[in-house]
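Notes follow once the structure below has been shown.
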Amino acid sequence: MRAIMPHLPALQVVVPLIGALLSALLRRGTTAWALALLVSWTMPLIAASLLLQVLTSGPTSYHLGGWAPPWGIEYRVDLLNAFILLLVSGVAAVMMPFARRSVAAEVDQDKQSWFYSMYLLCLAGLLGITVTGDAFNIFVFLEISSLSTYVLIALGRDRRALVAAYQYLIMGTIGATFYVIGIGLLYLVTGSLNILDIAERLGPAAAQSSRPILAALAFLTVGISLKLALFPLHVWLPNAYAYAPSFATAFLAATATKVAIYVLLRLFFSVFGIAISFEHLPVSEVMLALSVAAMFIASLLAIFEQNVKRMLAYSSLGQIGYITLGISLANEAGLTGGIVHLFNHAVMKAALFLVLGAIVFRIGSVKLADLAGIGRRMPLTMAAFVIAGLAIIGAPGTAGFISKWYLAVGAFQKGWWPLVFLILASSMLAVVYIGRVVEVAWFREPSGLAEKAKDPPLSMLLPVLVLAIATIYFGFDTQASAGIASQAAHALLAGIK
Amino acid sequence: MSAPFEPDILMLLAIGIPFAAAALIPLFHCWPNLRELVTLTAAAALAAVVWCLVGPVLDGVRLERHLMEIVPGFVLAFAIEPLGMLFALVAGSLWLVNSIYSIGYMRANGEPRQTSYYVCFAVALGATMGIAFAKNLVTLFLFYELLTLSTYPLVVHKANEEAIRAGRTYLVLLLGSSMVLLLPAIFATWLLAGTTDFRAGGILPAELSGTLMAALLALYVFGIGKAAVMPLHFWLPAAMVAPTPVSALLHAVAVVKAGVFSILKVIVAVFGVERLASSGAATWLVWVAGFTVITASLIALRQDNLKKRLAYSTVSQLSYVILAAAILTPISVIGAALHIAAHAVAKITLFFCAGAIYTAAHKTEVSELDCIGYRMPWTMAAFAVGALGMIGLPPTAGFLGKWFILSGATQTDQWVPVAVIILSTVLNAGYFLPIVVRAFFPAAELRAHAAGAAVARHTHEAEHGEAPWPMVLALLATAVATLVLFFVPDIPLGLSNAMLVR
């Protein structure tokens with residue numbers, strides 16, 4: 001144990017990477033699943049011990065291969081990314097038992113081990129992005145996670161999944177290219193790729209904010225905004241989420257966009273610092289406007305969507321709007337709201353997409369009309385939907401309310417009264433689109449497909465219920481969510497230490 | 001009192017019992033009798049608990065229990081003060097009566113999905129207790145929203161197109177007003193005052209301008225949509241598609257009273273009666289409430305559907321409480337509190353009667369009620385008592401509230417409220433008395449018909465007598481309570497008086 005402890009940051013990435021390789025060699029889907037389960041359950045243990053380390057003794061630095069930074073690659077874990085690591089790995093671990101039956105039902109027999117291989121690769125990429133302290137290394141992991149994501153989406157049986165994956169491939173590549181251009185510019189100015197090092201070297205240059213730095217900021221912001229699906233760079237997301245296998249959708253919705261948001265936070269607050277990010281370019285104003293647009297337009301689109309999975313995808317876009325809104329507020333309460341919503345949204349969206357996975361497993365459809373009366377046939381599953389849906393709405397007593405509380409306080413502290421009303425008014429749109437599903441599922445007579453449905457087997461039901469209960473739990477006990485988020489926000493705003 | 005029944009434990013029990021019942025009821029889904037036993041036991045226990053609490057509260061015991069700070073500013077805490085005690089007492093006692101009635105009603109009408117019905121009912125009661133004992137605005141808000149959410153399935157219970165549409169109105173109006181207006185008001189209060197705790201005399205800082213206070217008050221009054229101040233009243237008539245016991249307890253007592261209770265509490269314990277009076281920030285409220293009282297009565301006059309007529313009457317009566325609070329004298333505020341209790345027992349009686357008529361005679365329209373007093377004498381006698389209570393005539397509890405409100409208004413020479421109350425009393429009589437007259441003293445030819453019908457009772461298939469006994473028992477109990485409250489108003493009066501003591 002003692003020998004392993006110092007290498008935890010590396011293991012966080014290496015273990016799923018090896019897992020992906022091994023999984024590709026396996027033939028049987030179930031064996032591959034067992035391997036993926038083992039890896040997924042190990043990850044949060046590593047992440048939790050990293051978080052504990054950071055909480056007790058401050059940020060830790062790990063030098064890959066013993067090469068000292070800034071020449072070697074540094075894995076640097078502070079409160080923010082330890083928190084994200086735990087979130088990503090934790091959600092993945094909770095969801096993993098769900099995968100076996102869901103994937104068996106939705107992915108061709110001979111491709112199942114590939115599915116788990118890609119899943120582990122994606123997990124490795126996402127954790128890698130989060131753990132590394134090297135800007136170019138982020139790009140590498142970004143590509144690893146993106147490429148595996150394209151495959152995950154394309155493994156859906158629906159033919160439209162191929163188009164969706166292709167669409168995402170194009171958009172994702174543009175995003176990655178922009179990111180590399182931005183990093184390249186930064187490298188030209190500072191001669192470094194290490195985030196900490198770049199930040200230090202930018203320090204004196206920040207005063208005049210030379211044009212290349214601002215160009216780098218612009219390229220990086222747009223590139224990452226593509227990955228996190230900031231409105232209006234979101235067009236790839238609804239189809240990708242709608243046609244991917246259910247488990248892949250739930251996993252990606254809960255983790256992939258969240259990690260992209262983490263990168264944005266890093267860039268704004270750790271690399272450039274608030275001085276450059278928000279003072280020389282109207283980044284925060286633009287982002288604020290786009291966030292509000294996302295909150296309203298995406299939610300409106302969700303209201304008119306007949307495919308519930310796509311509806312939730314649009315809802316995700318709106319919810320991402322809340323997170324970026326928190327970032328653009330750039331004060332402690334607002335930023336805390338953004339980070340805590342990143343956490344809360346991951347939990348509740350995972351729950352909602354898993355519910356849809358369970359419905360697909362039982363009736364093979366997520367069209368709203370086919371869900372008529374399904375609440376009476378799958379009561380526990382749909383109860384989870386109601387609870388997680390309330391969290392999306394932001395009802396008090398759920399995790400969603402905590403996020404909105406902080407966001408509203410952040411807006412108040414800036415003196416932006418109208419924004420408070422906008423934040424709360426947009427949650428009324430969520431009432432409509434969640435309410436629409438609840439109405440159909442609970443108050444229509446069961447018919448057609450839903451008639452013979454019943455709650456899914458325990459291995460699927462349990463993750464759904466755990467996540468649903470978590471959305472309530474984190475609405476009351478906010479030590480682990482808002483507590484850490486506010487510390488992380490404080491650290492981000494204090495700048496690079 | 002003995003050690004295990006310390007009042008603060010009792011307070012938490014009052015909130016916990018309904019939730020515990022909600023958790024237990026689904027377990028007995030397959031055994032309806034046991035399931036109803038759970039509801040009845042919980043209701044009886046809750047009634048016992050709230051009655052045990054009254055004594056200490058009247059003796060001046062004030063309790064609080066700080067549960068947890070969820071995030072800065074969002075503190076979950078409970079406290080007992082007289083107004084909340086009064087509200088809890090009314091809702092808690094009536095739940096028992098209503099449960100007896102519910103069982104009769106739901107079984108006699110063969111309603112579907114009874115398990116979820118009783119679960120939602122229990123959750124709604126728990127939320128009501130939470131509102132009554134909330135120590136601060138945020139706790140109140142939490143349970144306020146829970147009350148909306150838990151009553152939504154009850155409104156949509158029938159699951160037909162009409163019920164679903166009504167459910168939408170209900171949810172969007174209540175959730176919408178509370179999220180978009182009430183929550184910002186709470187935020188503003190927190191940021192201005194540094195706390196959201198209720199404190200007699202108010203918590204807002206002294207330097208707050210009159211305009212800002214008026215704006216904040218408006219956010220509260222319209223944000224608390226449950227009080228059904230026009231134009232936010234549409235949800236209440238829409239909610240009448242729910243089974244009658246729901247309309248009776250929730251949409252005549254728990255939900256709507258939670259609304260006026262919240263407004264009253266905000267006026268007394270966030271703004272402070274004297275501060276509002278001296279700033280003049282509440283003058284507009286007299287007009288808005290007065291308008292609602294009169295307009296709702298006028299609409300009620302034109303309703304043929306009995307439950308709709310009762311619903312508009314409720315809208316009108318709720319604004320009495322707000323009007324009384326807006327008069328801003330201690331006496332009128334006492335009247336407001338009294339009216340909460342008085343209207344509750346009288347209105348629940350009327351709804352019980354409407355449900356009994358529906359169950360026994362399958363009649364829903366006022367125009368169908370000719371001679372019904374001959375067939376259902378007990379029910380219609382109770383209805384008459386409830387109607388007197390609505391009009392505010394002695395010897396019913398309704399008289400007391402009106403008396404206090406009127407004295408408050410005349411003392412301070414506020415003639416608008418006086419005119420409103422007098423006019424609305426006439427209107428109340430105008431839409432309630434005809435029902436009673438129709439039931440007992442129909443036109444001559446109908447009376448002959450009724451006599452004939454009474455003779456040939458078993459030949460007609462449409463013949464009916466009283467509703468099942470649990471329902472009749474319940475409606476008689478509340479009718480008697482309406483009368484008793486007039487003669488022995490000690491408890492509500494004591495609590496109302498104590499409310500204003502700092």
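Here, each number is a calculation from the coordinates, and none is a lab measurement. Just so we're clear, the structure is a prediction, and the values are computed from it rather than from any experiment. Backbone-built Cβ (ideal geometry, glycine too); neighbour counts: all protein chains shown.
Quick check on the range A:283-497: what does the Kirkwood estimate of hydrodynamic radius come out to from the alpha carbon pairs, in Å?
Taking the inverse mean of 1/r over all distinct Cα pairs, the range A:283-497 comes out at 17.4 Å.
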Distance in nm between pseudo-label sites at B:TRP51 and B:LEU298 (7 Å out along the Cβ direction from Cα): 4.5
Between the range B:282-322 and the range B:479-502, the alpha-carbon center distance in angstrom: 24
About the Cα centre, charge dipole magnitude for the protein assembly as shown (Lys/Arg +1, Asp/Glu -1 at Cβ), debye: 1300
Charge dipole (the range B:1-145, unit charges on Cβ, about Cα centre) - positive-most of B:SER93, B:THR115, B:VAL71: B:THR115
For A:GLY373, distant residues with modelled amide H under 5 Å away: A:ALA441, A:TRP442, A:PHE443, A:ARG444
Charge context of A:THR60, other residues only, Cβ under 12 angstrom, K/R +1, D/E -1: -1
Cβ-based net charge around B:MET179, under 14 Å, with every Lys or Arg adding one and every Asp or Glu removing one: +1
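Can you pull a Stokes-Einstein diffusion coefficient for the range B:267-346 at 20 °C (1.002 mPa s), Rh from Kirkwood over Cα pairs, as a whole number of µm²/s?
The Stokes-Einstein estimate is 162 µm²/s.
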Within chain B, longest stretch clear of exposed GluC sites (Glu not before Pro) (DSSP loop, no more than 10 other Cβ within 10 Å): B:208-460
Signed unit charges on C-beta, dipole axis of chain B, positive-most listed residue B:ILE372, B:THR196, B:THR349: B:ILE372
Euclidean distance of C-alpha centroids, the range A:160-203 and the range B:213-270, integer Å: 54
Spatial separation of Cα centroids for the range A:1-75 and the range A:380-413, in angstrom: 32
Largest to smallest principal axis extent of the C-alpha atoms in the range B:1-143, angstrom: 45, 35, 25
Helix A:135-154 vs. chain A, principal-axis angle (Cα, 0 to 90°, nearest 10): 20
Whole-Hz ³J(HN,Hα) from phi, Karplus 6.51 cos²θ - 1.76 cosθ + 1.60, for the range A:406-417, glycine and proline x: 5, 4, 5, 4, x, 5, 4, 5, 7, x, 8, 3
With Cα atoms, 0 to 90° folded angle of helix A:308-329 axis to chain A main axis: 30
Size-normalised alpha-carbon gyration radius of the protein assembly as shown, reference 2.2 N^0.38 Å: 1.02
Size descriptor, Kirkwood hydrodynamic radius, that averages inverse alpha-carbon separations across the range A:296-400, Å: 14.4
Principal axis dimensions, largest first and in whole angstrom, of the range A:155-277 by Cα: 54, 23, 22
Quotient of C-alpha Rg and 2.2 N^0.38 Å, computed over chain A: 0.92
Sparse-neighbourhood loop sites, trypsin sites (Lys or Arg not before Pro) in the range A:1-101 - DSSP loop, at most 16 other Cβ within 10 angstrom: A:ARG2, A:ARG27, A:ARG28
Segment A:ALA34-A:SER447, length gained on full extension (0.36 nm per residue, minus Cα span): 145.0 nm
Rg and Dmax [Cα atoms of the range B:312-426; Å; Rg one decimal, Dmax integer]: 15.8, 49
Rg/Rg_globular for the range B:204-344, with Rg_globular taken as 2.2 N^0.38 Å and Rg from C-alpha atoms: 1.04
Total formal charge among the other residues, if their Cβ is under 14 angstrom from that of B:GLU365, Lys/Arg +1 and Asp/Glu -1: +3
Residues with amide H under 5 Å from that of B:ALA79, placed H, sequence gap 5 or more: B:ARG65, B:ALA134, B:LYS135
Cα Rg over Rh - chain B, Kirkwood: 0.96
Within chain B: Cβ-based charge dipole about Cα centre, in debye rounded to nearest 20 (Lys, Arg +1; Asp, Glu -1): 400
